[in-house]
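The values are calculated or read from the model by the stated rules, or taken from the named source; none is laboratory data. Predicted model only: the values in this text are computed from it and were never measured. Ideal geometry is used to build each Cβ from the backbone, glycine not excepted, and the neighbour counts take in all protein chains shown. What goes into the accessible areas is simple: the full protein's heavy atoms, side chains included, and nothing from ligands, DNA or RNA. Shrake-Rupley method; radii C 1.70, N 1.55, O 1.52, S 1.80 Å.
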Amino acid sequence: MRASQTLFLLLWFFCIYAPTSFSTNVTYDHRALVIDGKRRVLVSGSIHYPRSTPEMWSDIIQKSKDGGLDVIETYVFWNLHEPVRGQYNFEGRGDLVKFVKTVAAAGLYVHLRIGPYACAEWNYGGFPLWLHFIPGIQFRTDNKPFEEEMKRFTAKIVDMMKQENLYMSQGGPIILSQIENEYGNIDDHYGPAAKSYIKWAASMATSLDTGVPWVMCQQLDAPDPIINTCNGFYCDQFQPNSNAKPKIWTEGYTGWFLAFGDAVPHRPVEDLAFAVARFFQRGGTFNNYYMVMQPYMMFKAFLPFSYSSYLGNELKPQLFWLLPKQYHGGTNFGRASGGPFVASSYDYDAPIDEYGILRQPKWGHLKDLHKAVKLCEEALTATDPTITSLGPNIEVAVYKTGAVCSAFLANIATSDAKVAFNGNPYHLPGWSVSILPDCKNVVLNTAKINSASMISSFTSESLKEEVGSLDDSDSGGWSWISEPIGISKADSFSKFGLLEQINTTADRSDYLWYSLSIDLDTGAQTVLHIESLGHALHAFINGKLAGSGRGNHEKANVKVDIPITLLAGKNTIDLLSLTVGLQNYGAFFDTWGAGITGPVILKGLKNGSSLDLSSQKWTYQIGLKDEDLGPSGGSSGQWNSQSTLPVHQPLIWYKTNFLAPSGSNPVAIDFTGMGKGEAWVNGQSIGRYWPTYASPSGGCTDSCNYRGAYQASKCLKNCGKPSQILYHVPRSWLRPKSNTLVLFEESGGNPKQITFATKQMGSVCSHVSESHPPPVDLWYSDAESERKVGPVMLLECPYPNQVISSIKFASFGTPHGTCGNFKHGRCSSNKALSIVQKGCIGSSSCRIGLSINTFGDSCKGVPKSLAVEASCS
């Protein structure tokens, strides 16, 4: 190793791991965070460390940096780290210190949102269940037992960070911390105690002496010196509660969360870029992309604002659905998902998908946006904007100090407009912002995408059982255990009346059995009426499944009427109640219940009478018998592989040994053919699966118009199909051979239908018009160069060892369609294909300028564009 390389590595090591001698001051003023005496424009993105594996962290963080991020934001998850009071877990996916150091090693800052209430579609909002059982406790209010526990855990996290010198005041990467979370959305429900609680929380946090600022999001009355920040679809209208505080957007939404039973959401990048550009246009200097949260209706007087009521130049605050933005969403492994009914996939249409793959063109267009904003940083941090109107729904913001000038031109209408600014003409597509770093030349328009798009797909392959793993060919390589129906454990107990589930199970399991025996003089055809707080249930009569019921994420309650046949004499009613993630948001959400609380009634007995069973003596069992044996499902002696495999039967454990799919592409399991349950790979839970819960058939559209305010029901995909059939299996959890897959199938399925799927990158596309600005990398101000650069078509293979091997489509003229489905328009240059082939094939990337001098002018006077689809290999 050369001496220069050794010196570089030593400097890097001391900067990251011995930072006390390089401590940096972090403060703020009304314009921005001030780091080491300099105001900064900062772009941040959320990555929740437990939603990916440590082996994935470095790659995801580097891709975030490559996309123009300066900061990585994460919540801290109390129930992950302290599942039992006083017993801590900071291993594996919970290694918070390692995650922060990994961010630091990439040269990025950290915003540590300690909370310790997280929300985040995380089970119980991140609170541990044992907290609920502390005598006299009330969550998130001026309650001494709660405040003592909150302070103890918050101090624990702060002390851990300090011991590792991870705050920037010590030379580490953490520049911000957050206390509480979105309390302002619901604090009016807690009365006067809410205000004293917030004052206490602010005082407690600042007393921990981190040396960096603290924030409270969605907290209009955040006490000084806490910075109140904005969460929402659009935060441009937000203003902090003091002119001494900067305008910070802690949660900007890249999409929407997926729930079992819902269609797949999508937020167009043109709208997302518009929202972010508007924020910087109107004085913002810190933006964080956050994964989407559960929809909550905002209450009166809360920011931010919706664009849905935009009339002329007037913006009126509205009630709207809140959701946060994520740069990488990840996966809800195990039973981590909240909601209830939040799916195992936490992808959220983020710029980096659940598997760690770039989502194009979203990642690329936002990267260009970040570069464009950074070209304006000197002006943005030097002064406040001067905002004027150039006409109806046209707004210009100018940042000018001395010779430095940057401008943002916004068209907030949905139709295109032509405007004049500083004596120059500009075309503004509807619902877009043009950024002018020199107050003259457009470097980027949010509606004009220069970045290439990519098509990805999953390739299925059969689950390859290891040779000789099982002898019986009828089983197809699977062994199984039948879970007993009803009471089978020694720790069962009996009580009069119906018990609420969460208080009974303390969330040790999704499952709670309610069992009752009744005697009848004669048999009867009757109806079993059951009412439950949620989230789903199965009813067994005399050991046979009679019927089921389920709620959804908007209404978890279940009410069913199940026709049943009862025998003369003794009859057993076994009800299996189950949760699908605990509530994570809302006033007093910790008191919201689950389970069969009744009534439970037999209707239509002799002479039309009914029998209310609710107050009778029920026997209860927490969890499943074989659940106690761990994810492996028990010792080998308990597994049955010598008879016909039971399929489409409820309550079956399945197990097989398999070979991992070859290669390095991301892996998923396709659960088509199964019902509902949970799956483990080599002892690690990949989450709940539920491929039979389909979304409603209506509400999706073939195309999505980015123009106009985004909302939850806009741009839906996958209507009438299962919400999720593919479930992520991290590569690091797989071995080349001797892998074990264990399933608990709750409602009935056929494991022989399970397949693996590997994610493949397909075509790379670009579609650029003559009105597109040049790529951001090629931008020059007039002061730098008189050379005028026109639009450029860019293509780049997704992997570094690939080259462009073929051009599937090329058209210069009036092509239309989307990547993978381009079509020629009414005019098309006959030179386009050969020009693109010559310029691109054999290269890992290529750039071709749009010019009629190159392609010819096959239709004079008609606006033209170039559309290209290529393959890489």
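Odds and ends about this structure:
- Model label sites at residue 853 and residue 401, defined 7 Å from Cα along the beta-carbon direction, differ in position by 4.0 nm.
- Charge tally for residue 560 (other residues, Cβ to Cβ under 13 Å; Lys, Arg +1; Asp, Glu -1): +1.
- Among the listed pairs 101/195; 400/440; 418/831; 38/374, those with a Cα-Cα distance over 24 Å are 101/195; 418/831.
- Angle in degrees between helix 96-105 and the longest Cα principal axis of the chain, rounded to the nearest 10: 20 degrees
- Normalised contact order of the stretch 759-851, rounded percent, pairs of Cα under 8 Å and 6 or more residues apart: 32 percent
- Excluding exposed DSSP-loop GluC sites (Glu not before Pro) (at most 12 other C-beta within 10 Å), longest clean stretch of the chain: 92-553
- A cut-off under 14 angstrom between Cβ atoms defines the neighbours of residue 838, and their net charge, with Lys, Arg +1 and Asp, Glu -1, is +2.
- Along each principal axis, Cα extent of the stretch 486-643, largest first, Å: 52, 49, 27
- Gyration tensor verdict on the stretch 89-188 (Cα atoms; rounded if a/c is under 1.5, prolate if a/b is larger than b/c, oblate otherwise): prolate
- J(HN,Hα) series, the stretch 526-540, from Karplus relation 6.51 cos²θ - 1.76 cosθ + 1.60, nearest Hz, glycine and proline x: 9, 10, 9, 9, 10, 10, 9, 6, x, 10, 7, 7, 10, 10, 10
- Taking the stretch 469-592 and dividing mean pair separation by its residue count, relative contact order in percent (alpha carbons under 8 Å, at least six apart): 29 percent
- With R₀ fixed at 30 Å, the C-beta to C-beta distance from residue 616 to residue 643 puts the FRET efficiency at about 0.20.
- Estimated dipole of the chain in Debye, rounded to 20 [Cβ of Lys and Arg +1, of Asp and Glu -1, Cα centre]: 1640 debye
- Extension gain for residue 88-residue 834 works out to 262.2 nm (0.36 nm per residue, less the C-alpha to C-alpha distance).
- Protection-proxy order for peptides 715-721, 567-573, each taking the mean of Cβ atoms within 10 Å per residue, highest first: 715-721, 567-573
- Residue (of 646, 630, 687) at the positive-pole extreme of the stretch 568-717, dipole from beta-carbon charges: 646
- Cut-off under 5 Å, modelled amide H: who pairs with residue 716 long-range: 701
- Binning the alpha carbon pair distances of the stretch 380-447 at 5 angstrom intervals from zero yields the distribution 4, 18, 31, 26, 14, 6, 1, 0, expressed in whole percent.
- Ordering 699, 391, 33 by the projection of their Cα atoms onto the charge dipole of the chain, which places +1 on the Cβ of Lys and Arg and -1 on the Cβ of Asp and Glu, puts 391 at the extreme positive end.
- C-alpha long axis of helix 54-66 to longest principal axis of the chain, angle in °: 30 degrees
- Residue 793 contributes an accessible area of around 0 Å² to the protein surface, as traced by a 1.4 Å probe with all chains present.
- Dipole of the stretch 717-803 [Lys/Arg +1, Asp/Glu -1 at C-beta], most positive-end residue of 758, 744, 800: 744
- For the set 495/555; 162/367; 759/808; 98/247, the pairs lying more than 23 angstrom apart at their alpha carbons are 495/555; 162/367; 98/247.
- Debye, to nearest 20: dipole size of the stretch 486-592, +1 on Lys, Arg Cβ, -1 on Asp, Glu Cβ: 160 debye
- Residue 464 versus residue 824: modelled label distance in nm, points set 7 Å from Cα along the beta carbon direction: 4.4 nm
- Compared with the dominant principal axis of the Cα atoms in the chain, helix 3-17 is inclined by about 50°.
- Net dipole in debye of the stretch 121-213 [+1 Lys, Arg Cβ; -1 Asp, Glu Cβ; about Cα centre; nearest 20]: 200 debye
- Around the amide H of residue 216, modelled in the peptide plane, lie the amide H atoms of 227, 228, 229, all under 5 Å away and 5 or more residues distant in sequence or on another chain.
- Rg/Rh for the chain, where both radii come from Cα atoms and Rh is the Kirkwood radius: 0.99
- The slack between residue 527 and residue 65, meaning 0.36 nm per residue of separation minus the straight C-alpha distance, is 160.3 nm.
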